[in-house]
Amino acid sequence: MKRVFLFPGQGAQYPGMGKDLWENSNAVQELFEQASDAVGLDLKHLLFQGTEDELRSTDNAQVAITLMNLSVSSALRERGIRPDGVAGFSLGEYAALAEAGVVELNDVFRLVRIRGSLMEEASRKWDRPDGPPGMTAVLGLDPSSMEEILRSLEEVYPANFNSPTQTVISGTAQGLARAEARLKDAGARRVVRLKVSGPFHCPLLEEARKKFEEVLKTARFHDPQIPLYSNVTGKKIFSGEEARALAGAQIVSPVRWTQVEQAVKEEGFTEVLETGPGTVLTGLWKALFTEPPCKPVGRWEEIQRFSL
């Protein structure tokens, strides 16, 4: 058995997430306390009683999802289930950094809290009278055709390469509106504006990247103890210093998730677990591979079923 944990990213959050884990796992309760102390927030209140809007705000969402992802891995560890490799989608990469032993837990929660605040601040500078910046999922158009169209447009960029038929773009409100019209004309089956508060993984957040790279210097980055894959390159990360550099670049670089999935598949993992809230990564994996299937284990009942 060779097992990989895949950690979901921002957008997977929902009110009340993790409550079932907290009620059934001492390790999860301890993790909630540690994370709350690290960022100076009552994260139990945020996750269990926070509204959808509160959880959507980038500065809250990033620490909340990271805590949820690591709560799932902690509950699995309590039952003797550990990964042989890890990857995370966008924000999920920070849970992967912790699980691979690259960044210590206190630093992980501190970093994602600051990262979220810097990204929220940078995003608000692109608010315009016609609306805030954001992201749009483009379905049914191959990535190369989409990239060609975006090259002729301003303030809109490819952000997430999710599957052969699903790409997410980031941009200003005007940039997204222009791109959505062009992409529909080019044959996109659907374009769906996402419920996020910023234009993530694109050059519009360059200011956040610069500031965050200074913050990254305050944390220790160790070499990975197990295989760890980068969103920026789609390949393995081999050193702590490489991980630090990629953590800064990730803010303005597209998420190359299909390449990450290909690398995971080539590594020969025989069990793939979506280790966090929701089933988005399970669906994206299925778009490329049927075997081995990706199994969601973000709820207590799923963890119990899986580990029996």
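Which value, in nm² and rounded to one decimal, describes the direction-averaged projected area of the C-alpha convex hull of the chain?
14.6 nm²
Let me spell out the model: positive unit charges on the Cβ of Lys and Arg, negative unit charges on the Cβ of Asp and Glu, origin at the Cα centre of region 117-245. What dipole size does that give, in debye rounded to 20?
Around 260 debye, computed over region 117-245.
Pop the C-beta distance of LEU105 and LYS125 into the FRET formula with R0 = 35 Å and round what comes out to the nearest 0.05.
0.65
From the phi angles alone, apply the Karplus equation (6.51, -1.76, 1.60; θ = phi - 60°) to region 160-166 and give each ³J(HN,Hα) in whole Hz, x where the residue is Gly or Pro.
9, 9, 8, 7, x, 10, 9
Going highest first, how would you order 114-123, 282-291, 67-76 by mean Cβ packing within 10 Å?
So the peptides 114-123, 282-291, 67-76, ranked by packing, come out 67-76, 114-123, 282-291.
Find how much the distance from ARG56 to GLU302 grows on full extension, using 0.36 nm per residue of separation minus their present alpha carbon separation; answer in nm with one decimal.
That works out to 86.1 nm of additional length.
Just to confirm a number: summing +1 for Lys and Arg and -1 for Asp and Glu over residues other than CYS202 whose beta-carbon lies under 13 angstrom from that of CYS202, what do you get?
Residues near CYS202 contribute -4 overall.
What list of ³J(HN,Hα) couplings, whole Hz, do you get for region 226-241 from phi and the Karplus terms 6.51, -1.76, 1.60, once you set θ to phi - 60° and write x for glycine and proline?
Calculated HN-Hα couplings, in order: 9, x, 9, 10, 9, 5, 5, 9, x, 10, 5, 9, 9, 9, x, 5 Hz.
Can you give the calculated 222 nm mean residue ellipticity of the chain, where each DSSP H run of n ≥ 4 adds -39,500 (n - 2.57) and the sum is split over every residue, rounded to the nearest 500 deg cm²/dmol?
Dividing the helical sum by the residues of the chain leaves -15000 deg cm²/dmol.
Given a cut-off of under 8 Å on Cα pairs at least six residues apart, what relative contact order in percent is computed for the chain?
24 percent
How would THR233, THR165 line up by accessible area, probe 1.4 Å, largest first?
Greatest to least solvent exposure: THR165, THR233.
Which net charge results for the neighbourhood of GLY175, defined as the other residues with beta-carbon distances under 9 angstrom from its beta-carbon, given Lys and Arg at +1 and Asp and Glu at -1?
In short, -1.
Could you give the nm distance between label points at GLU23 and LYS235, where each point is 7 Å from its Cα heading toward the beta carbon?
Result for the modelled spin labels: 4.7 nm.
Let's see if you can work this out: charge +1 on each Lys and Arg Cβ, -1 on each Asp and Glu Cβ, no other charges. What is the dipole magnitude of the chain about its Cα centre, in debye to the nearest 20?
460 debye
Using a Debye calculation, one point per C-alpha and no hydration shell, please list log10 I(q)/I(0) for region 23-164 at q = 0.20 Å⁻¹ in order.
-1.22
Summing +1 for each Lys or Arg and -1 for each Asp or Glu, what net charge is found among the other residues whose Cβ lies under 15 Å from the Cβ of SER57?
Summing Lys/Arg as +1 and Asp/Glu as -1 gives -2.
Might you report the magnitude of the Cβ-based charge dipole of region 128-173 about its Cα centre, with Lys and Arg at +1 and Asp and Glu at -1, to the nearest 20 debye?
Here the size comes out at about 100 debye.
Ordering TRP300, TRP126 by accessible area with a probe of 1.4 Å, largest first, what comes out?
Heavy-atom accessible area, descending, gives TRP126, TRP300.
Apply the Karplus parameterisation 6.51 cos²θ - 1.76 cosθ + 1.60, with θ equal to phi minus 60°, to every residue of region 95-100 and state each ³J(HN,Hα) to the nearest whole Hz, in sequence, with x for glycine and proline.
Those phi angles translate into 5, 5, 4, 5, 5, 7 Hz.
Can you pull the percent of region 38-151's accessible area that's carbon plus sulfur, 1.4 Å probe, other chains left in place?
Its accessible area is 47 percent carbon and sulfur atoms.
Suppose a student asked you for the relative contact order of region 159-212, using Cα pairs under 8 Å spaced at least 6 residues apart; what percent would you report?
Computed value for region 159-212: 34 percent relative contact order.
With every protein chain present, what accessible area does GLU30 have (1.4 Å probe, heavy atoms only), rounded to the nearest 10 Å²?
Number for this one is 120 Å².
Could you work out the relative contact order of region 1-147, using alpha carbon pairs under 8 angstrom and six or more residues apart, expressed as a whole percent?
Dividing the mean separation by the residue count of region 1-147 yields 32 percent.
The values are calculated or read from the model by the stated rules, or taken from the named source; none is laboratory data. In this text, all values refer to a predicted model and were calculated from it rather than measured experimentally. Ideal geometry is used to build each Cβ from the backbone, glycine not excepted, and the neighbour counts take in all protein chains shown. These area figures cover heavy atoms from the full protein model, side chains too; ligands, DNA and RNA do not enter into them. Shrake-Rupley method; radii C 1.70, N 1.55, O 1.52, S 1.80 Å.
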